[in-house]
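> Here you go, one structure.
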Amino acid sequence: MLISPLTGRKSTPILRSVAVIVACIALADLAVIALRLANGIDWLVLPFWADRLTASSMSVATATSLFLVSCCAILQTFPPGSTGRTFTILASIGLLLPSIAIVGHLFDTHAVLEVFVFATMAIHTAVLLVLLYFAMMLRSRGGWLWLLFGDKVGSVAARRLFPTVVLGPFLFCLLTVLATDAGLMSANFRITLLAILTASVGLIAIVHNAQIENAANERQAELLAELRRTVADKNLLIREIHHRVKNNLQQITALIAIEAAKYRGDERAPFDALSGRVQALGLVHQLLMQSSRQSEISVATFLTDLCDSISRSHFLLRRNIALEVEVDDEDVLLECAVTIGLLANELVTNSIKHAFGEQEGGSIRVSYRADQNNRENRLLVVQDSGRGIDAQELAKKGEGGGMRIIRSLVAQLRGKMDMQQDNGTRFAISFPSMIFEETRYVV
Amino acid sequence: MSSKRVAIVEDDVLIAYFFHDICTSNGMEVVGMAHQTEGALDMILAAKPDFVLMDVRLGGKRDGVDIGMAAHEALPGLKLVYITGSNEPPSLQRIRSDNPYKILIKPVLPADIIEALA
């Protein structure tokens, strides 16, 4: 009747109002008892029926338990996170009071009724209150009562211990009460036995719990060690694969070189370009093996090493061509790094091939940073100080294979390419940085 | 001045011949090749080259660094150029313990080898 574990329902205000009324009646009852008003609470509300009313008040325990149950009902209308602990404490105290009354009645009804707090509390009232609390505690998931129903190790152990810890003392005490009534022992000796029993049950529970926790702890340590071994194996395997990849790339370079040996001069150039592209791919794997994270590498290191490699294989020092790299560093994923690397390789080798005459010399600048026009984008720029691309010659010869590779790499990055001619050639590729996230493989 | 004399230890024969071609087409003389640990040391000691291009992983228990160390002991002036696919710090640490002349990381380009043997 009072219970709703869900918040935000239309019935919530009604529930709260009813609970508040119950709480007020319970408090008023407690006040009547405290002020020793003989006529009781009904007389306060309906004074003109005074001659018909005979009952005085609820017991203190009943009123307190009812007050607590209404508090719990109100708490349940709020999110459990903020009120869960208060709910558990109030419900536990509320459950304790009628439980004492029930057990007391079973052992010795007179003894219970002699206690002021429990005087006039009937067994059926106590049973109903206990059931009410159980229902309320079961309706809100979580809380200690739910622990008894779980299927994890702790819950299983709790269910096993439940008879020993809860029913054991109860039955034992019942027996000693009967034994005392039969004159087999004195009331004080009964207390001695009870003290020993309580201590023993507590000790058994502690020892049992320690065994379970130790076993769980050992199992956890075993699993952790196994996990470490697996991770180490995986890392070894990943390194092995990178090693194999690089060996394969070296084989490809060798195959290209063997084929290229048949040719001299300009005919040989496509083979060298091919070797350069394979080298760019190899560099990504080389840096991945050094990287602490095995799927990301630093763009700065990558582009610097790449340009260094290009510079050496094209003898730029001897040709008096300066190759500079300017990067705002960030870590990028393998997939993107490969594309960015191949693109930079293509643009730089393009400049080396077309921008400068035999003995001319000059400079090429590679830069990578956030795009000033769109902060969500990255801007890769390759700019040379050469003689520029002859539009007529380009139209006549058509775009070479290099340009096709460049266009597909730009498309791969979902980017836009812009070419300008002003004291040389400037290629600028702007691409969205979100592709770093989108190309991440989810395992 | 006589041409530089180079020995090659590389377990992948295709790659070994790639290195061979780079050396010969750049005026160097390849005085010996080995494709496994067995016989590699004997080949180096017999050929007495100026340079050795040494692969690190050769299959089997011993690696290129073992052979390099033994060769260095017999021929202190030998210039060892290690070529390896494993560039993780532990592998490089091990190679450095043999006082190498150069370390190249695979994949290498012809220009890298020419520069290393310069």
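The values are calculated or read from the model by the stated rules, or taken from the named source; none is laboratory data. Since this is a predicted model, take the numbers as computed values, not measurements. All Cβ positions, glycine included, derive from the backbone under ideal geometry; neighbour counts span all protein chains shown.
> If you go through the stretch A:213-253 one residue at a time, how many are charged (D, E, K, R) and within 9 Å of chain B (Cβ to nearest Cβ)?
Final tally of qualifying residues: 3.
> Still on this structure: Mind listing just one residue for me: the one in the stretch B:75-118 that is farther than 17 Å from A:LEU288 by Cα and touching a Gly at 6+ places or on another chain (Cβ under 7 Å) and, of those, modelled with the lowest pLDDT?
Looking at the filtered set, the residue picked out is B:ASP98.
> Mind counting the residues in the stretch A:291-319 that are farther than 30 Å from A:LYS234 by Cα and either in a loop (DSSP other than H, G, I, E, B) or not assigned by TED's automatic domain parsing to the domain that holds A:SER367 (or both)?
6
> Mind checking which residues of the stretch B:20-56 are in contact with a helix residue (DSSP H, G or I) (Cβ under 8 Å, 6 or more places away or on another chain), of a type in the set (A, V, I, L, M) and more than 19 Å from B:GLN93 (Cβ to Cβ)?
B:ILE22, B:VAL30, B:VAL31, B:MET33, B:ALA34, B:ALA40, B:LEU41, B:ILE44, B:LEU45, B:VAL52, B:LEU53
> Tell me, which residue of the stretch B:3-26 that is hydroxyl-bearing (Ser, Thr, Tyr) and more than 8 Å from chain A (Cβ to nearest Cβ) is farthest from A:GLN251 (Cα to Cα)?
So the residue we want is B:SER3.
> Under 8 Å between Cβ atoms, which residue pairs at least 6 apart in sequence (or on different chains) link something in the stretch B:40-66 that is polar (S, T, N, Q) with a partner that is crowded, with 22+ Cβ neighbours inside 10 Å and in a loop (DSSP other than H, G, I, E, B)?
If the second residue must be crowded, with 22+ Cβ neighbours inside 10 Å and in a loop (DSSP other than H, G, I, E, B), no pairs are left.
> Continuing with this model, one more query. Within the stretch A:254-270, can one find any residue that is within 11 Å of chain B (Cβ to nearest Cβ) and hydroxyl-bearing (Ser, Thr, Tyr)?
No, the conditions are met nowhere in the stretch A:254-270.
> Which residue is nearest to A:ARG244 (Cα to Cα), if the candidates are limited to the stretch B:100-118 and must be more than 7 Å from every other protein chain (Cβ to nearest Cβ) and assigned to a strand (DSSP E or B)?
B:LEU104
> Does A:LEU281 satisfy the criteria of being farther than 20 Å from A:PHE356 by Cα, within 14 Å of another protein chain (Cβ to nearest Cβ) and in contact (Cβ under 8 Å) with a residue 24 or more places away in the chain?
So A:LEU281 fits the description; yes.
> I've got another one for you. Tell me, please, whether a residue that is farther than 30 Å from A:LEU236 by Cβ, surrounded by 18 or more Cβ atoms within 10 Å (Cβ to Cβ) and more than 14 Å from chain A (Cβ to nearest Cβ) can be found in the stretch B:55-77.
Scanning the stretch B:55-77, I find no residue that is farther than 30 Å from A:LEU236 by Cβ, surrounded by 18 or more Cβ atoms within 10 Å (Cβ to Cβ) and more than 14 Å from chain A (Cβ to nearest Cβ), so the answer is no.
> Which of the residues that make up the stretch B:57-74 are at pLDDT below 90 and either touching a helix residue (DSSP H, G or I) at 6+ places or on another chain (Cβ under 9 Å) or at negative phi (or both)?
Passing the criteria: B:ARG57, B:LEU58, B:LYS61, B:ARG62, B:ASP63.
> Based on what the data block shows, is A:ARG229 part of a helix (DSSP H, G or I) and at pLDDT 85 or above?
Yes, satisfied.
> So which residues in the stretch A:335-361 are farther than 25 Å from A:HIS285 by Cβ and aliphatic (A, V, I, L, M)?
A:ALA355 - this is the single residue of the stretch A:335-361 that is farther than 25 Å from A:HIS285 by Cβ and aliphatic (A, V, I, L, M).
> Check whether at least one residue in the stretch A:28-48 is at pLDDT 80 or above, closer than 30 Å to A:LYS10 by Cα and over 45 Å from the mean Cα position of the chain (by Cα), and report yes or no.
Within the stretch A:28-48, one or more residues are at pLDDT 80 or above, closer than 30 Å to A:LYS10 by Cα and over 45 Å from the mean Cα position of the chain (by Cα).
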